[in-house]
Amino acid sequence: MTARVVDRLPAALARRIALAAQGFADSRPSGGVDRRHLRRMAARLGVLQIDSVNVLSRAHYLPAFSRLGPYRRAVLDELADGRGELFEYWAHEASFLPVWLHPHLRWRMAAAEEHAWGSMVRIQRERPGYVAEILDRVREGGPLRASDLAEPRPDRPGAMWNWHAGKTALEWLFYTGVLTTRGRTAGFERVYDLAERVLPPAVLSAPTPDPADAVRELVRTAARALGVATERDLRDYFRLGPAVARAAIAELAGAGELLPVEVAGWGAPAWLHPEARRPRWIRARALLSPFDSLVWERPRVERIFGFRYRLEIYTPASKRVHGYYVLPLLLGDRLVARVDLKADRPAGVLRVQSAFAEDGVHRAEVAAALAEELALMAGWLELDAVAVADRGDLAADLGAALG
């Protein structure tokens with residue numbers, strides 16, 4: 001039976017609901033950010049996406065800065081290094097997640113042959129003895145890095161994508177949940193260890209839910225983190241298949257845990273979390289990582305904010321429109337500008353390689369707010385200054401605001 005539409009939301013209210021669900025309706029802590037703030041943020045979002053790009057900062061550090069302001073990154077590291085707060089797995093891409101979600105992802109671990117990509121599945125099928133040897137080595141010798149198993153290939157330096165046989169075997173064991181990570185090295189290489197030596201006993205002993213129940217919990221988590229969302233939004237959060245996501249949404253709607261709504265201008269049915277806040281205003285100011293859960297699904301960004309956003313890292317430099325590592329600026333409840341940022345650590349400078357304003361904004365006001373946020377970010381990154389290149393229609397105003 002089709003659920004009855006119980007509400008019609010104005011687009012502006014839907015936008016504020018989405019921002020509140022992501023933590024942008026709250027003021028930043030005035031007395032410093034501690035472990036409790038980070039734990040609460042991780043629980044609210046459910047997922048912190050990981051990415052290897054470090055031109056500014058590792059991606060998983062930025063959502064906390066965007067919402068909470070400056071904090072000690074070492075505290076977030078401690079939550080994810082095997083002390084029972086966060087664990088790493090494939091959720092929305094590689095991600096850190098609260099450990100209570102571990103049982104709800106075991107169905108994906110058990111079905112690794114269906115979900116993992118080819119090289120991992122192939123090594124298990126073709127060389128199961130080798131995979132078993134790697135597991136024995138971790139079991140008997142302790143935590144292991146991929147670089148411990150083979151010399152890096154000269155044509156592919158580093159370890160992140162140096163997928164020799166040892167790395168592939170470790171990744172298979174990681175995908176199946178037998179191994180997890182005990183932190184990462186300074187070079188961002190995974191340190192693999194047995195899940196039983198890293199995860200809390202209470203998590204390991206928790207019953208494994210039926211896959212349908214687990215998917216419902218993932219959709220429930222996504223709905224809480226998004227506030228108001230389309231079906232596509234809900235399933236993208238944990239990269240769920242269409243059929244299982246639709247079944248979960250229908251069951252949650254039937255139980256009153258999702259409320260069907262229409263949002264003006266969205267052009268698609270939407271679902272509202274019944275406990276979602278409906279703030280009258282949002283007074284946020286934040287620079288958003290390309291991998292932030294507020295903006296990682298580009299069609300949703302365009303639908304909610306009217307902001308067309310593309311990641312141009314893999315676009316040839318001559319064809320980039322806005323830059324290599326571009327962060328939108330959230331001001332109030334709008335995305336009002338975007339900046340291409342680089343942390344020039346040897347020079348101690350946060351470089352603004354381009355700055356663009358959205359149409360219709362008050363540029364001096366936007367530049368002043370952006371200058372304050374950039375100065376705050378530079379201090380957090382332990383950089384001494386902010387330098388603005390002469391590229392983009394906001395660059396001159398931003399340079400003047402920075403003095």
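Observations on the structure shown:
- Taking GluC sites (Glu not before Pro) as exposed when their DSSP state is a loop state and no more than 11 other Cβ atoms lie within 10 Å, the longest site-free interval of the chain runs over 1-274.
- Ligands, DNA and RNA left out, the accessible area of segment 264-323 computed with a 1.4 Å probe is 50% carbon and sulfur.
- The ratio of the alpha-carbon radius of gyration of segment 84-153 to the globular-protein estimate 2.2 N^0.38 Å is 1.28.
- Ligands, DNA and RNA are left out, and with a 1.4 angstrom probe the accessible area of segment 310-402 is 46 Å² per residue.
- Within segment 257-322, trypsin sites (Lys or Arg not before Pro) in DSSP loop having at most 14 other beta-carbon neighbours inside 10 Å: R277, R280, R283, R308, R310
- Gain in span if fully extended, Y130 to E302, counting 0.36 nm per residue against the direct Cα distance: 57.2 nm
- Among the chymotrypsin sites (Phe, Trp or Tyr not before Pro) within segment 100-149, those in coil by DSSP and having at most 16 neighbouring Cβ atoms inside 10 Å are W117.
- Segment 263-280 and segment 283-317 have Cα centres lying 20 Å from one another.
- Across segment 96-106, coupling constants 3J(HN,Hα) worked out from phi with the 6.51/-1.76/1.60 Karplus curve, θ = phi - 60°, read 9, 9, x, 5, 5, 7, 3, x, 7, 10, 5 Hz, and Gly and Pro carry x.
- Using R0 = 51 Å, the C-beta based FRET efficiency linking A368 and R8 works out to 0.90.
- Relative contact order, percent, the chain [alpha-carbon distance under 8 Å, six or more residues apart]: 18 percent
- Extension reserve of the R122-R137 stretch, reckoned as 0.36 nm per residue once the Cα distance is removed: 3.3 nm
- With K and R counted +1 and D and E -1, the other residues having a Cβ less than 12 Å from that of R40 yield a net charge of +2.
- Normalised alpha carbon radius of gyration of segment 42-87 [divisor 2.2 N^0.38 Å]: 1.12
- Using the Cβ-Cβ distance between D384 and T185 with R0 set to 45 Å, the FRET efficiency works out to roughly 0.95.
- Among the chymotrypsin sites (Phe, Trp or Tyr not before Pro) in segment 280-326, those placed in a DSSP loop whose Cβ has at most 12 other Cβ atoms within 10 Å are W281, Y314.
- In the chain, helical runs assigned H by DSSP with n ≥ 4 each contribute -39500 (n - 2.57); averaged across all residues and rounded to the nearest 500, the mean residue ellipticity at 222 nm is -11000 deg cm²/dmol.
- Label sites at R283 and A396, each approximated as a point 7 angstrom past Cα along Cα to Cβ, lie 3.3 nm apart.
- With R₀ set to 41 Å, the beta-carbon distance separating R239 from D34 gives a calculated FRET efficiency near 0.85.
- Anisotropy class of the chain from Cα gyration tensor, a/c 1.5 cut: oblate
The values are calculated or read from the model by the stated rules, or taken from the named source; none is laboratory data. Given the structure is predicted, the values throughout are model-derived calculations rather than measurements. We place every Cβ from the backbone using ideal geometry, glycine too, and count neighbours over all the protein chains shown. For accessibility, only protein heavy atoms count, side chains too; no ligands or nucleic acids. Shrake-Rupley method; radii C 1.70, N 1.55, O 1.52, S 1.80 Å.
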